[in-house]
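Structure first, then comments.
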Amino acid sequence: MTFARFKVLTFDVVGTLIDFEKGVLDGFRTVGGPAAGNLSDDDIFGPYVEARDVHPGRSSAVMGEVYLHVAKKLGLDSSPASAAAFQTKVLQWPAFADSIEALKRLRSRFRLVAMTNADRVAFSCYSHTLDHPFHDSVTADEAGVPKPNPAFFAFNRGRQSAFGYKQEEILHVAQSQHHDIGVARQLGYTVCWIERRQGQQGFGGTPVPKEVTKPDFHFATLAELADAIDADLAGGR
(Lines give C-alpha, C1' and ligand atoms only; values in the text may rest on other atoms or scores of the structure.)
Protein backbone atom coordinates (compact mmCIF):
# COMPACT_ATOMS: atom_id res chain seq x y z
CA MET A 1 0.00 0.00 0.00
CA THR A 2 1.38 3.40 -0.97
CA PHE A 3 1.11 6.55 1.12
CA ALA A 4 0.27 8.60 -1.97
CA ARG A 5 -3.46 8.04 -1.46
CA PHE A 6 -3.52 10.02 1.81
CA LYS A 7 -4.04 13.75 2.19
CA VAL A 8 -4.62 13.88 5.96
CA LEU A 9 -2.77 12.33 8.89
CA THR A 10 -4.78 12.29 12.11
CA PHE A 11 -2.81 11.81 15.31
CA ASP A 12 -3.33 10.62 18.79
CA VAL A 13 -1.17 13.01 20.82
CA VAL A 14 -0.63 11.76 24.38
CA GLY A 15 1.33 8.54 24.14
CA THR A 16 2.11 8.86 20.43
CA LEU A 17 3.78 12.26 20.26
CA ILE A 18 3.96 13.21 23.94
CA ASP A 19 5.79 10.75 26.23
CA PHE A 20 3.14 10.64 28.91
CA GLU A 21 4.55 7.47 30.50
CA LYS A 22 7.81 9.25 31.26
CA GLY A 23 5.78 12.22 32.47
CA VAL A 24 3.68 10.06 34.79
CA LEU A 25 6.64 8.16 36.23
CA ASP A 26 8.77 11.27 36.70
CA GLY A 27 5.82 13.07 38.26
CA PHE A 28 5.16 10.43 40.90
CA ARG A 29 8.84 9.95 41.67
CA THR A 30 9.43 13.68 41.97
CA VAL A 31 6.50 14.64 44.21
CA GLY A 32 5.59 11.31 45.84
CA GLY A 33 8.24 11.37 48.54
CA PRO A 34 10.85 8.72 49.46
CA ALA A 35 8.44 5.78 49.09
CA ALA A 36 8.08 6.50 45.36
CA GLY A 37 11.72 5.62 44.77
CA ASN A 38 11.09 1.98 45.68
CA LEU A 39 8.29 1.47 43.14
CA SER A 40 8.66 -0.19 39.74
CA ASP A 41 7.09 1.33 36.64
CA ASP A 42 4.28 -1.23 36.74
CA ASP A 43 3.69 -0.53 40.44
CA ILE A 44 2.78 3.00 39.39
CA PHE A 45 1.06 2.32 36.08
CA GLY A 46 -1.47 -0.18 37.51
CA PRO A 47 -3.15 2.22 39.95
CA TYR A 48 -2.64 5.13 37.56
CA VAL A 49 -4.77 3.46 34.86
CA GLU A 50 -7.39 2.67 37.51
CA ALA A 51 -7.34 6.24 38.81
CA ARG A 52 -7.71 7.73 35.36
CA ASP A 53 -10.80 5.56 34.88
CA VAL A 54 -12.23 6.81 38.18
CA HIS A 55 -11.37 10.43 37.30
CA PRO A 56 -11.92 10.64 33.51
CA GLY A 57 -12.43 14.40 33.33
CA ARG A 58 -10.37 17.20 31.82
CA SER A 59 -6.68 16.42 32.18
CA SER A 60 -5.93 20.06 32.90
CA ALA A 61 -8.14 19.86 35.99
CA VAL A 62 -8.46 16.33 37.43
CA MET A 63 -4.91 15.00 37.50
CA GLY A 64 -4.40 16.17 41.06
CA GLU A 65 -7.25 13.85 42.03
CA VAL A 66 -5.64 11.09 39.98
CA TYR A 67 -2.42 11.63 41.90
CA LEU A 68 -4.17 11.45 45.28
CA HIS A 69 -5.97 8.24 44.29
CA VAL A 70 -2.64 6.60 43.43
CA ALA A 71 -0.79 8.12 46.38
CA LYS A 72 -3.24 6.69 48.90
CA LYS A 73 -2.96 3.24 47.35
CA LEU A 74 0.84 3.27 47.26
CA GLY A 75 1.56 5.13 50.50
CA LEU A 76 2.98 8.24 48.81
CA ASP A 77 2.85 11.83 49.96
CA SER A 78 -0.83 12.74 49.73
CA SER A 79 -0.58 16.41 50.63
CA PRO A 80 -2.51 19.01 48.62
CA ALA A 81 0.82 20.55 47.62
CA SER A 82 2.00 17.29 46.06
CA ALA A 83 -1.27 16.88 44.18
CA ALA A 84 -1.02 20.43 42.86
CA ALA A 85 2.58 19.88 41.81
CA PHE A 86 1.64 16.72 39.93
CA GLN A 87 -1.18 18.55 38.15
CA THR A 88 1.25 21.22 36.99
CA LYS A 89 3.73 18.63 35.74
CA VAL A 90 1.02 17.00 33.59
CA LEU A 91 0.99 20.12 31.42
CA GLN A 92 4.77 19.84 31.04
CA TRP A 93 4.97 16.24 29.81
CA PRO A 94 7.80 15.93 27.26
CA ALA A 95 7.69 15.08 23.58
CA PHE A 96 9.32 11.89 22.34
CA ALA A 97 12.77 12.64 20.99
CA ASP A 98 11.71 12.11 17.36
CA SER A 99 8.30 13.81 17.42
CA ILE A 100 9.11 17.39 16.47
CA GLU A 101 11.44 16.65 13.56
CA ALA A 102 9.22 13.90 12.16
CA LEU A 103 6.11 16.07 12.37
CA LYS A 104 7.88 18.85 10.45
CA ARG A 105 8.66 16.40 7.66
CA LEU A 106 5.13 15.03 7.61
CA ARG A 107 3.60 18.52 7.62
CA SER A 108 5.36 19.27 4.34
CA ARG A 109 3.32 16.51 2.66
CA PHE A 110 0.01 16.21 4.56
CA ARG A 111 -2.65 18.06 6.50
CA LEU A 112 -1.94 17.17 10.16
CA VAL A 113 -4.89 16.91 12.55
CA ALA A 114 -4.66 16.20 16.28
CA MET A 115 -7.33 13.92 17.77
CA THR A 116 -6.70 13.93 21.49
CA ASN A 117 -8.37 12.93 24.73
CA ALA A 118 -6.64 15.90 26.30
CA ASP A 119 -8.82 18.96 26.79
CA ARG A 120 -8.15 22.21 24.95
CA VAL A 121 -6.06 23.69 27.77
CA ALA A 122 -3.78 20.64 28.06
CA PHE A 123 -3.57 20.22 24.30
CA SER A 124 -2.45 23.83 23.93
CA CYS A 125 0.49 23.03 26.20
CA TYR A 126 1.36 19.88 24.25
CA SER A 127 1.04 21.66 20.91
CA HIS A 128 3.52 24.26 22.16
CA THR A 129 5.88 21.48 23.27
CA LEU A 130 5.64 19.98 19.76
CA ASP A 131 6.31 23.36 18.09
CA HIS A 132 2.71 23.77 16.86
CA PRO A 133 2.71 21.26 13.98
CA PHE A 134 -1.04 20.85 13.42
CA HIS A 135 -3.28 22.37 10.80
CA ASP A 136 -6.36 21.42 12.85
CA SER A 137 -7.24 19.74 16.13
CA VAL A 138 -10.11 18.10 17.98
CA THR A 139 -10.08 17.69 21.77
CA ALA A 140 -12.24 15.51 23.99
CA ASP A 141 -14.07 18.45 25.54
CA GLU A 142 -15.03 19.73 22.11
CA ALA A 143 -16.13 16.33 20.79
CA GLY A 144 -18.14 15.75 23.97
CA VAL A 145 -16.76 12.21 24.35
CA PRO A 146 -13.28 10.68 24.62
CA LYS A 147 -11.74 7.97 22.46
CA PRO A 148 -12.42 5.07 22.01
CA ASN A 149 -16.01 6.28 21.67
CA PRO A 150 -16.81 6.12 17.93
CA ALA A 151 -18.60 9.45 18.26
CA PHE A 152 -15.21 11.13 18.66
CA PHE A 153 -14.15 9.81 15.25
CA ALA A 154 -17.51 10.81 13.77
CA PHE A 155 -17.06 14.33 15.10
CA ASN A 156 -13.69 14.66 13.42
CA ARG A 157 -14.84 12.98 10.21
CA GLY A 158 -17.57 15.57 9.87
CA ARG A 159 -15.13 18.35 10.64
CA GLN A 160 -12.64 17.23 8.01
CA SER A 161 -15.37 16.66 5.44
CA ALA A 162 -16.25 20.33 5.78
CA PHE A 163 -12.76 21.05 4.46
CA GLY A 164 -13.30 18.66 1.56
CA TYR A 165 -11.46 15.58 2.87
CA LYS A 166 -12.87 12.06 2.61
CA GLN A 167 -12.38 9.25 5.13
CA GLU A 168 -10.41 7.17 2.63
CA GLU A 169 -7.90 10.04 2.36
CA ILE A 170 -7.15 9.89 6.09
CA LEU A 171 -4.42 7.81 7.78
CA HIS A 172 -4.91 7.59 11.54
CA VAL A 173 -1.62 7.42 13.48
CA ALA A 174 -1.62 6.32 17.10
CA GLN A 175 0.06 4.37 19.87
CA SER A 176 -2.90 3.10 21.91
CA GLN A 177 -4.53 -0.11 20.81
CA HIS A 178 -7.32 0.55 23.32
CA HIS A 179 -8.10 4.18 22.50
CA ASP A 180 -7.33 4.34 18.79
CA ILE A 181 -6.14 1.41 16.71
CA GLY A 182 -8.96 -1.03 17.42
CA VAL A 183 -11.87 1.38 17.08
CA ALA A 184 -10.40 3.23 14.07
CA ARG A 185 -9.93 -0.08 12.24
CA GLN A 186 -13.51 -1.11 13.06
CA LEU A 187 -14.75 2.20 11.64
CA GLY A 188 -12.96 1.58 8.36
CA TYR A 189 -9.96 3.87 8.74
CA THR A 190 -6.51 2.96 7.51
CA VAL A 191 -4.37 2.91 10.64
CA CYS A 192 -0.70 3.21 11.53
CA TRP A 193 0.38 1.82 14.89
CA ILE A 194 3.35 3.63 16.42
CA GLU A 195 4.28 0.99 18.97
CA ARG A 196 6.18 3.17 21.42
CA ARG A 197 6.47 0.27 23.90
CA GLN A 198 7.91 -2.15 21.34
CA GLY A 199 10.11 -4.67 23.16
CA GLN A 200 8.53 -3.94 26.55
CA GLN A 201 6.07 -6.10 28.41
CA GLY A 202 2.46 -5.08 28.90
CA PHE A 203 0.64 -1.87 28.01
CA GLY A 204 2.15 0.48 30.59
CA GLY A 205 0.01 3.50 31.31
CA THR A 206 -2.79 2.67 28.86
CA PRO A 207 -5.65 0.20 29.41
CA VAL A 208 -5.20 -3.35 28.17
CA PRO A 209 -7.16 -3.77 24.91
CA LYS A 210 -9.65 -6.59 24.47
CA GLU A 211 -7.50 -7.72 21.57
CA VAL A 212 -4.48 -6.44 19.67
CA THR A 213 -5.60 -5.18 16.27
CA LYS A 214 -3.32 -5.71 13.29
CA PRO A 215 -2.69 -2.28 11.73
CA ASP A 216 -2.16 -1.39 8.08
CA PHE A 217 1.23 0.12 8.94
CA HIS A 218 3.38 -0.62 11.99
CA PHE A 219 6.45 1.26 13.23
CA ALA A 220 8.26 1.66 16.54
CA THR A 221 8.76 5.42 16.16
CA LEU A 222 7.29 8.36 14.30
CA ALA A 223 10.64 8.91 12.61
CA GLU A 224 10.33 5.44 11.04
CA LEU A 225 6.93 6.42 9.61
CA ALA A 226 8.36 9.65 8.19
CA ASP A 227 11.28 7.71 6.68
CA ALA A 228 8.91 5.19 5.08
CA ILE A 229 6.79 7.96 3.59
CA ASP A 230 9.84 9.78 2.24
CA ALA A 231 11.07 6.56 0.63
CA ASP A 232 7.65 5.73 -0.79
CA LEU A 233 6.95 9.13 -2.25
CA ALA A 234 10.58 9.68 -3.29
CA GLY A 235 10.46 13.44 -3.09
CA GLY A 236 6.94 13.74 -4.47
CA ARG A 237 4.42 16.37 -3.50
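The values are calculated or read from the model by the stated rules, or taken from the named source; none is laboratory data. Since this is a predicted model, take the numbers as computed values, not measurements. Heads up, the Cβs are rebuilt from the backbone with ideal geometry, glycines too, and the neighbour counts pull from every protein chain shown. The area values use the complete protein model at the heavy-atom level, side chains included, leaving out ligands, DNA and RNA. Shrake-Rupley method; radii C 1.70, N 1.55, O 1.52, S 1.80 Å.
Here segment 123-204 has an Rg and Dmax of 13.7, 41 Å, counting Cα atoms alone. Distance between the 7 Å Cα→Cβ label points at S79 and R197: 3.3 nm. Set the bar at 24 Å for Cα to Cα. Now go through K73/K214; K72/K147; K7/K89; K22/K166; K22/K72; K147/K210 and name every pair that lies beyond it. Check vs 24 Å cut-off fails for K73/K214; K72/K147; K7/K89; K22/K166.
Placing pseudo-labels 7 Å out from each Cα toward the beta carbon at S108 and S161 gives an inter-label distance of 3.4 nm.
Once neighbouring chains are kept in place and the probe is 1.4 Å, which whole percent of the accessible area of the chain is contributed by carbon and sulfur?
Roughly 52 percent, rounded to a whole number.
If the segment from A231 to L187 were pulled out straight at 0.36 nm per residue, it would be longer than the present Cα-Cα gap by 13.0 nm.
Per residue, the chain exposes 44 Å² of accessible surface when a 1.4 Å probe is rolled over the protein heavy atoms with every protein chain present. If you take all other residues with their beta carbon under 15 Å from the beta carbon of A140, and give Lys and Arg +1 and Asp and Glu -1, the sum is -1. Taking a point 7 Å from the Cα of E211 along the Cα-to-Cβ direction, the residues of segment 162-189 with backbone N closer than 18 Å to it are 177-189.
For E21, the shell of other residues with beta-carbons less than 10 Å away shows a net charge of 0, using +1 for Lys and Arg and -1 for Asp and Glu.
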